[in-house]
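*Asks:* Please read through the structure below; I'll follow up with questions.
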Amino acid sequence: MAASRSGFACMTDLRRPGLMHACAAVLHRDLTLAWRQRGDMVLPVLYALIVTSLFPFALGPESALLRRIAAGAVLVTVLLAMLLALDAMFRSDIEDGSLEQLMLAPQPLALMLGMKILAHWLATALPLIVVAPLLAGMLHLPASVMPVLLLALLLATPLLSLLGGILVALTAGTRRSGMLLALMLLPLCVPVVIFAAGALAAAQEGLPWIAPIAWLGAALVLAVVLAPLACAAALRIALDS
């Protein structure tokens, strides 16, 4: 009898989807849904293009002035454009009930939510990073600063996605939480903007810029470890209340 039970348990473990398979399935599902609603993916890019094109009209066409503000303007524009799609991170999962099913799955909830945050970053922030050189070129950013800008965005945008995931989980049970999310996330954006802008300013002046980038990288590593855990705990609290 004991042997038959152990054999049945082994067969059950073999039939259960593996952890890597579950992560790939969640990532593939969210990216497929984002592609089907690719109009929402284009909206932040259009917002960034429109806002960046308004700077020469507001400040004048003087290239020296635009070159001086180019890095900070592109950085802030990209970060603000990410806020447009932040509210939709878990919206469809809450509406169709798949988030509750994910909480009952045998896989760790924090890891599954981490995959959903990764999919949101790929669908929202990555297109903005791709068009960032075009935005910087519109403001006459020097070509030597362009790699530092891309590196700063590659570190700052996932950090904001992870922090935003926690706030989205906290407000999962509320309606029309977009403005609330923006108000809650903006104070958290300040240190990220300070370090990223500091690296860009140092690069424009020809000074060492590794230290601010290193701080951003350290914060990103810490957020990758802790943010999914906090997101899972906040989601359980929000859905149980």
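The values are calculated or read from the model by the stated rules, or taken from the named source; none is laboratory data. Bear in mind that the values here come from a model prediction, so they are computed numbers and not experimental data. Side chains included, ligands, DNA and RNA excluded: accessible areas come from the protein's heavy atoms. Shrake-Rupley method; radii C 1.70, N 1.55, O 1.52, S 1.80 Å.
*Asks:* Among Q37, Q204, Q107, which one shows the biggest mean-square fluctuation in a GNM of the chain, springs joining Cα atoms closer than 10 Å?
*Replies:* In this elastic network of the chain, the residue with the biggest mean-square fluctuation among Q37, Q204, Q107 is Q37.
*Asks:* Using the Karplus equation 6.51 cos²θ - 1.76 cosθ + 1.60 (θ = phi - 60°), what ³J(HN,Hα) coupling, rounded to whole Hz, does each residue of the stretch 42-52 give in order, writing x for Gly and Pro?
*Replies:* 6, 4, x, 5, 5, 4, 5, 5, 5, 5, 5
*Asks:* Moving on. If amide hydrogens are placed 1.01 Å from N in the peptide plane, which non-local residues have theirs closer than 5 Å to the one on Q107?
*Replies:* For Q107, whose amide H was placed from the backbone, there are no distant partners under 5 Å.
*Asks:* Now for a different question. Return the sequence-ordered ³J(HN,Hα) values of the stretch 139-156 in whole Hz as given by the Karplus equation 6.51 cos²θ - 1.76 cosθ + 1.60 applied to θ = phi - 60°, using x for Gly and Pro.
*Replies:* Each residue of the stretch 139-156 in turn: 9, 6, 5, x, 5, 5, 8, 4, x, 5, 4, 5, 5, 5, 5, 5, 9, 6 Hz.
*Asks:* Gap in Å between the Cα centre of the stretch 26-99 and the Cα centre of the stretch 183-240?
*Replies:* That distance is 17 Å.
*Asks:* If you roll a 1.4 Å probe over the heavy atoms of the protein chains, what accessible area per residue do you get for the stretch 42-239, in Å²? Write out the running numbers ahead of the final one.
*Replies:* Working: 9180 Å² over 198 residues.
Computed with neighbouring chains in place, this is 46 Å² per residue.
*Asks:* Let me ask something else. Where does the chain land at 222 nm, in deg cm²/dmol rounded to the nearest 500, when only DSSP H runs of n ≥ 4 count, each adding -39500 (n - 2.57), divided by all residues? Walk me through the numbers on the way to the answer.
*Replies:* Values: 10 runs with 201 residues, N = 241.
Helices in the chain give a 222 nm mean residue ellipticity of -28500 deg cm²/dmol.
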